[in-house]
Amino acid sequence: MKMKTLIFPLIASIALQAVFLPAAFAAAENQPHGAAPEPTALTSFAEALARPRDSRAEAIPPKTELLPLASLASGGPSASIRMTGIWPKQTFEFVMRRDEIITASELTLYWTPSPALLPIRSQLIIRLNGQVQKVLPISREMLGKQNQSIVPLDPKKLKDANVLELEFIGEYDNVCTTPTSPTLWLTVDNASQLSLSRQKLRVADDLSLFPVPFVDPYDKSMLRVGFAFSSAPSAGELSAATVLATYFGVEADWRGADFPSYFNLIPPEGHFVAFYTPNRHPEFLKDWPEPKGPEIAIADAPLSPWAKMLVISGRNDADLMDAARAAASGSALLSGSRSSIREAVEVGARKPYDAPKWIDTSRVTTFGELAEYPGALTTRGAEPWPVHLTLRLPPDLFVINRSSVPVHLRYRYTLPEPSSQAQLRFRVNNTLVEAQRLTDQGSSETVNRVAVVDSIASMFEMLDIPTILFDAVNTLEFDFRYALSIYAGTPENCRTVTLIDQQCEIDPRSTIDFSGFYHYAQLPDLKLFAQSGFPFTRMADFSDTVFVFSAQPTPAETETLLNAAGRLGSLTGAPGLKADVRIDPNPESLADKDILLIGRLPKSVLDSPDEEKPALLIDALSRELLTSRGIPGMNPKTRRLSAPEERFSVLAAGTLAALTGFESPFTSGRSVVALLAADPNGSERLNACLADPSKLLDSAGSVSFIRENGALNFYPAPGYSVGSLPWHQHVWYVMLEHPFLLILCALGCAILIGCLIYALMRIRIRSRLSQGGSR
């Protein structure tokens, strides 16, 4: 009897899902971006959880994904895949997310072997995670022609991070072959692709896994997490969402992050974050248990057979902020499906320029601190790959006062063969700084060397790098190059050639010294914002920043806020735990703050002639900030805004979005950066650019219009400075800005010194004459 009682409801539930779930998914797929079922038609949270979990998981159909093989090449996408006797192997990397399995995988290769190869003895080996999947012998009919091979890959050999390896074994003669022969080659066409059948899984409700599944550490694609709010989110909800967006941005890092926003709607697909208070919450959370304080919970997403939702809940906005800070702090105490925050997270005060991704310019920095992963300072191989380090500087570093930066470089390397040539080439941003010869002797007249075990020499060298080579983000490259001299011999005296791997290491105790530089910059400069988020990233926790909406935000504007916050978090490497969002704020509350304004392009700017847009935009935004509440006597500062001389009629047509920067009308030395769009299409373009770290990098000046083919920049705003310089550096800076004044001062100094010398000589002559007369 009990068995019947359990079976009949289960069968009825499965039958109902078979009828209603496909229709629900079809409706969700047909809706545009940002759309979802109407609130009145939504299933309650309790009803969604009442569905049998197993039946929902079985309903997930696998999706086939086709990945170009060249895009998976280790070290970044490759324009061509070529294997030779020196480089016989090529590796490719792909991942399997924690919330999915790969049920089938297949490699389609289009490859061409050299016509000089010996059939059968030449082969192409395919491995997956070190296990041989197939050996393709090269027959006579394949030589010099493009061949197609379809290789099934064993899905049982897959794991979170996977390495697919192609190894070329080639021979062109029966005796005395040499790996350096130009006839030893095999190319793989860019049309080759990897097919993966991915099936989503519903992971457990366990906060100890957080930020999985919202952020997967192995996934290299752009992060996409939805945010669900009530119909009209408060400033407190948006502040909590901004804290989480910066945290997700930190985790996404170089991949970029997109945070589509939904008001009183269920995100149509994927994992998302929802916010709940008794008075403000999306309709689908109407049955959510009322919290007794700040809470973090993870649960199944309604209308999805696999997605999860993170629910940030509390009694009020203050509780939401405490819960968001607890989640963004990555607390190891989170566990289970629900965690209550008994005590508010204590947010310590940060110092200016202490972003984890930026080097500390108050002291010497070691290369060990710059290494982003174990083994980053080591390279090996017959021709070792260069060692790359990323160096991120505070964007307002004033480098004019010094001409060079000292580098104390220590490195170890396998000694080259006697009479062979070897070099270390040191580059900064692809510019050659130094080339050092690697000798086979134990000492040198120009370089101090300390011998260690296994015939490896330890080198020490002090270099001076010109400061003009540095930018906000820099790449240091150490390229060890060995000359390969291989002699094949003759058929009567054949020699077997074995290539020996070279191993080279940069000592982590090597240092670079940026101490003694001042912080000073001339603004507005949108280039600093686009590349480093300056001036908002000066304080990595955003304690000096206010995110402002001049009116109740739309979903598109909320997405702009969160995408911008995620971008700033990825640039600093720290979550913005003190993010502060305000809607239509009191102007006095914006004093002594840097302001990031999100909104729409003012109508007065849209209706103006194109050549006046840049100047009028700054004036209109400044006036809007000052008079947002109609306070009498508050008028914008008098500005001399010069419009560009050229006409750009292209601005008047099509999608329009803009970035603009100017000095805060409330506090001198503080900045305003506005992210603006004229219409939904403009918002979509702006959000796409903010989500992608490679976009907006061509923005500069004080006004930058975002177009499909790049930015159009203008410089109408008056300049102002941030930071401080000693008086003598100010004088030197002014001289550099006005070279004719520098020439005049130099001439004046020369004349003055000449006059002083002349006067001293006259005094000396008179003294000698007077002494001669006295005799």
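The values are calculated or read from the model by the stated rules, or taken from the named source; none is laboratory data. Quantities reported herein were computed from a predicted structural model and do not represent experimental measurements. Cβ sites come from the backbone with ideal geometry, for glycine too, and all protein chains shown count toward neighbours.
Can you pull out the residues in the range 111-134 that are hydrophobic (A, V, I, L, M, F, W, C), part of a strand (DSSP E or B) and within 18 Å of residue 87 (Cα to Cα)?
111, 124, 125, 126
Restricting attention to the range 102-110, does a residue exist that is outside the structural domain of residue 206 (by TED's automatic domain parsing), among the hydroxyl-bearing types (Ser, Thr, Tyr) and outside any strand (DSSP E or B)?
No, every residue in the range 102-110 fails to be outside the structural domain of residue 206 (by TED's automatic domain parsing), among the hydroxyl-bearing types (Ser, Thr, Tyr) and outside any strand (DSSP E or B).
Could you give every pair whose Cβ atoms fall below 7 Å, whose first residue belongs to the range 553-575 and is in a helix (DSSP H, G or I), and whose second residue is surrounded by fewer than 24 Cβ atoms within 10 Å (Cβ to Cβ) and of a type in the set (Lys, Arg), counting only separations of at least 6 or pairs across chains?
571/357; 572/357
When you check residue 195 against the structure, is it among the small types (Gly, Ala, Ser) and either crowded, with 23+ Cβ neighbours inside 10 Å or in a loop (DSSP other than H, G, I, E, B) (or both), yes or no?
Answer is no for this residue.
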